[in-house]
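Take a look at the structure below.
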Amino acid sequence: MKEQAYKAILDSIADGVFTVDDQWRITSWNAAAEQITGYSREEALGRHCYEVFRTNVCQTDCVLRKTLTSGKALVNLALNILDRDGNEKPISVSTAALTDEDGRIIGGAETFRDLSTIEALRRQLLREYSFADIISKNHRIQGIFEILPDIAESDSTVLITGPSGTGKELFARALHRLSPRADEPFVTVNCAALPDTLLESELFGYVRGAFTDARRDKPGRFTLAQGGTLFLDEIGEISPAVQVKLLRVLQEKTFEPLGSNTTVRADVRILAATNKRLAELVEQGKFRDDLFYRLNVIQIDLPTLAERREDIPLLIEHFIGRFNAEKGKEIGDLTPDALEALLAYDWPGNIRELENAIEHAFVLCKGATIDLAHLPRQIVGERRASGRPARRFSSLAEAEAAAIRQALAAHGGNRVRTAAALGMHKTTLLRKMKKLSVTYP
Amino acid sequence: MRIAIATFQTQISPRFDCANTVWLVDLEGENEVARTELSLMQTPPPARAALLRSHGVAVLLCGGVRRCDYFDLLDQGIEVIAGLMGEAQDMLTAYRQGRLNPEPRWEPGRRFGCNARRGRHAHGAPRGRGPMGNR
């Protein structure tokens, strides 16, 4: 009777539940476990758990073994299983040790939830927040998304500004791809990477005999980009001499290769980017004002990653997916501690630094979940140096609530300033506060 | 003929994509004439089918196989007998004695899932069961 009652209780639970003895043989298997894995109770009972509950870590990093060895429960680990039909299903898993009356471990229990629907929704959201390979739900970036097709359609020069690593080239490529010039070349020049004389010959090309080593004609980037787009990165670094020549191309749409008397027409759209404040350089006399105004027809100013923290989980997911595909790994998620550390870090190197941090974690992570130990020292180190207690968040919502509380406290409860610091609209902040039950300090 | 058996310790590996080793077994008729072990640790799942093919494998015995890996293996001309459980040596013996039979999977129009299989007859294979119907 007691056993039947246990079975009825287990079968009423929507999550999959099974128990094993100390030899990893399954001793109970509820109805939800049957449904999620495709294996019936009769098939599962008596089998080793890894034979029917086939997670991606069974053979390398068994979570139940960890619990039975340490006696500690594990909560909400993101894994995947292979069901009976060969379908991979994302699941979250929690484990607990089973003990006898004397406290001796006699087996373990595992509960798991099918995240297939949630995962599908997450993918849909990721698609909704993606635009031409750029991912963001930040209101400033969403605003740029709205006008990007119109900017791309025009042939105007665009100046993309923002600190290093904020994705300026990604936006330049998106503008090119969305433009009528999409089928023509997209040519990039990093103006800071070349000395003055080389930059000039690189941009405009030269003819044979133009200088001692010029044994044959060499087309410049303007020629290579004919009909397409030329992206001048780090435009703030060019010398006054090159500024003059560039101004002429922008004004007259023509140029002469070095050593040539022939004027070439430049049918090229110019996109430029800088991490410097060009207006300040103009005031200091380091950048020509006429060139600045020619470049600054349309300006796209990109926020730092710290100003768009809400994008960090989306970007992490995007990078994990990309590195999984590139490196043939199957990393599913991060531990709450690791996610908290990434959300709390200031990201001076912006998205490029986040990308590097995830790549670093991919090198060190041998299992399916990225943990604190896999992250670069400066990220974990700053977290320790901040002196905050190492809190565990069981979900992203909890981490988000903590971030809002912290920002509210830092801004004296001012809603507008807090929303700005978190990179969201004040009504979004209010909605999130209500949803997450966050109150004013 | 060379067959591969994905292993986990002494057992059939529950997942081919997560298996660290395979046995490569050369058979002449029912007789085993050679056996070596091949590490898969440095080979990501998408490259495993080609690796087995490069070793001349004609048949793979394993536990679970993801759909994408299954079709990669078929593309490489490797016959797959999946859904097996238990000791790898027992599976090898059963195969040599002709007691493991591959069945087609994921055919157009065929229904898969627990209910689709429950009515099938047992084949008498030792402890083998699963999507290939070897139970």
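Rounded to the nearest Hz, the phi-derived 3J(HN,Hα) couplings of segment A:203-216 under the Karplus curve 6.51 cos²θ - 1.76 cosθ + 1.60 (θ = phi - 60°) are 6, 9, x, 8, 10, 4, x, 4, 8, 3, 8, 7, 7, 8, where x marks glycine and proline.
Got a sec? Charge dipole of chain A, +1 on Cβ for Lys and Arg, -1 for Asp and Glu; which of A:Trp24, A:Phe292, A:Tyr39 is way out at the positive end? Among A:Trp24, A:Phe292, A:Tyr39, the one farthest towards the positive end of the dipole of chain A is A:Phe292.
The string of couplings for segment A:146-157 from the Karplus curve (6.51, -1.76, 1.60, θ = phi - 60°) is 5, 9, 4, x, 5, 5, 5, 5, 6, 10, 6, 6 Hz, one whole number per residue in order, with x for Gly and Pro. One quarter of the convex hull surface built on the alpha carbon atoms of segment A:187-259 amounts to 4.7 nm², the projected area averaged over directions.
Legend: calculated FRET efficiency, A:Leu364 to A:Lys286, from the Cβ-Cβ distance at R0 = 35 Å, rounded to 0.05, equals 0.20.
Taken over the Cα atoms of segment A:129-301, the convex hull encloses 113 Å³ per residue.
Can you pull out the trypsin sites (Lys or Arg not before Pro) in segment A:34-141 that DSSP calls coil and that have at most 13 other Cβ atoms within 10 Å? Answer in residue order: A:Lys72, A:Arg104. Remark on A:Leu302: its backbone amide H falls under 5 Å from those of A:Thr161, A:Gly162, a criterion applied only to residues 5 or more positions apart or on other chains, H modelled at 1.01 Å from N. State the Cα centre-to-centre distance between segment A:412-441 and segment A:145-217 in whole Å. A separation of 40 Å, based on Cα centres. For B:Arg66, the residues whose amide H sits under 5 Å from its own are B:Phe16, B:Asp17, ignoring neighbours fewer than 5 places away on the same chain, with H placed 1.01 Å from N. Quick one: in chain A, what % of C-alpha pairs are over 34 Å apart? Distances greater than 34 Å cover 50 percent of the Cα pairs. Remark: segment A:272-375 carries a charge dipole of roughly 440 debye about the Cα centre, counting +1 on each Lys and Arg Cβ and -1 on each Asp and Glu Cβ.
Toward the positive end of the charge dipole of chain A, with +1 on the Cβ of Lys and Arg and -1 on the Cβ of Asp and Glu, the farthest Cα among A:Val93, A:Ala401, A:Leu64 is that of A:Ala401.
Put the Cα centre of segment A:226-269 next to the Cα centre of segment A:37-89 and the gap is 62 Å. Taking every DSSP helix (H) stretch of at least 4 residues in chain A, weighting each as -39,500 (n - 2.57) and dividing the sum by the residue count yields a mean residue ellipticity at 222 nm of -13000 deg cm²/dmol.
Relative to the longest principal axis of the Cα atoms of chain A, the long axis of helix A:396-410 makes an angle of roughly 60 degrees. Applying both filters, DSSP loop and at most 14 other Cβ atoms within 10 Å, to the GluC sites (Glu not before Pro) of segment B:23-81 gives B:Glu30. About its Cα centre, segment A:2-115 has a charge dipole of approximately 200 debye under the convention of +1 per Lys or Arg Cβ and -1 per Asp or Glu Cβ, with nothing else charged. Fewest-first ordering of A:Asp102, A:Asp183, A:Asp233, B:Asp26 by other beta carbons within 10 Å of each residue's beta carbon gives A:Asp102, A:Asp183, B:Asp26, A:Asp233. Summarising the strand pairing of segment B:2-117, around 70 percent of its internal DSSP beta bridges are antiparallel. Cross-link partners of A:Lys168 among lysines, defined as those whose alpha carbon lies under 18 angstrom from its own and excluding same-chain residues fewer than eight positions apart: A:Lys137, A:Lys276. Database remark: amide H of B:Leu60 closer than 5 angstrom to the amide H of B:Ala4, B:Glu79, B:Val80, B:Ile81 (H placed geometrically; neighbours at sequence offset of 5 or more, or on other chains; Pro and chain starts carry no H). In this Cβ point-charge picture (+1 for Lys and Arg, -1 for Asp and Glu), the protein assembly as shown has a dipole of about 840 debye about its Cα centre. Inter-part distance, segment B:55-86 to segment A:342-368, computed on C-alpha centroids, equals 36 Å. Scaled against 2.2 N^0.38 Å for its residue count N, the alpha carbon radius of gyration of segment A:2-115 is 0.99.
Report the semi-axes of the equivalent ellipsoid for segment B:2-117 in whole Å, largest first, where each axis is √(5λ) for an eigenvalue λ of the Cα gyration tensor.
Largest first, segment B:2-117 gives 21, 17, 14 Å.
Treat the count of other C-beta atoms within 10 Å as a stand-in for reagent exposure and order A:Val52, A:Val93, A:Val282 from fewest to most.
A:Val282, A:Val93, A:Val52
Taking 0.36 nm per residue of separation and subtracting the current Cα-Cα distance, fully stretching the chain between A:Glu101 and A:Gln142 would add 8.9 nm. In terms of overall dimensions, segment A:298-362 has a Cα radius of gyration and Dmax of 12.6, 42 angstrom. In terms of its Cα atoms, segment A:306-435 spans 46, 29, 28 Å along the principal axes, sorted from long to short.
Coordinate-derived values only; no laboratory data. A quick note: this is a predicted structure, and the numbers were derived from the prediction, not measured. When we count neighbours, we look across all protein chains shown, and the Cβ atoms used for this are built from the backbone with ideal geometry, even at glycine.
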